[in-house]
Amino acid sequence: MMSIVLAIVIGLAFGAVLDRIGASNPNMIGKMLNLTNLNLAKTILLAIGTGSVLMFAGQMLGFVDVGHMSVKAAYVGVFIGGLMLGAGWALAGYCPGTGVVAAASGRKDALFFIAGGLLGAAAYMVTYPMWKSSGLLDSIAGGKVTVGTVPGSKFDGLTTLPGDILGIVLGLGFIALAFALPERLTPSKSNLQPAE
């Protein structure tokens, strides 16, 4: 019971942070994707990098149980699904998590987004046998593997590089990129005006 309460509290806190940084605002998502405001991208990179450093350093120090590490299997369907999710995110301005947060903060358009997501999930469940038989769900590149070998993990590594160190280095790279990115990558309209 306590774990459910903790999950709800963490979920509420995470949702509040998503709303605070603008991730539940489709206009902010659009500005990020058209490179006119990268503050949200910088926040996402910083969060991923910090999480990676904390997780892998925690594993190395024994604070985080490696047995809790989960790895998504590689298969063609997951890459196609990722492209579809990205396209949907760009069109709607929501991903599944931010859509729920937007609905909780009172955005009515997010309710249609959630309904569409549930309808899509139901359609996938009904047609799952067809997708399974198509081969799109067959593992590729070793299936559930990590880039480096993580000691104590049940997952194989694609390389013999130490996975914990690699995770920390990649996390630090994401953090550095978050600080190095400018606020925008496209010129503002005022910079495009011809000189008089």
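Every condition in (1) open to solvent by 60 Å² or more (accessible area, probe 1.4 Å); (2) over 21 Å from residue 79 (Cα atoms) holds for residue 129 except the one numbered (2). The single condition from (1) surrounded by 13 or more Cβ atoms within 10 Å (Cβ to Cβ); (2) closer than 28 Å to residue 142 by Cβ; (3) of a type in the set (Phe, Trp, Tyr) that residue 94 fails is (2).
Taking the criterion of being at pLDDT below 90, touching a Gly at 6+ places or on another chain (Cβ under 9 Å) and under 30 Å from residue 80 (Cβ atoms), the residues of the stretch 156-196 that qualify are 156, 157, 158, 159, 161, 163.
The values are calculated or read from the model by the stated rules, or taken from the named source; none is laboratory data. From a predicted model like this one, the values you see are computed outputs, not experimental measurements. FYI the Cβ positions are ideal-geometry reconstructions off the backbone, even for glycines, and counts take in every protein chain you see. Please note that ligands, DNA and RNA were not included when accessible areas were found on the heavy atoms of the full protein model with its side chains. Shrake-Rupley method; radii C 1.70, N 1.55, O 1.52, S 1.80 Å.
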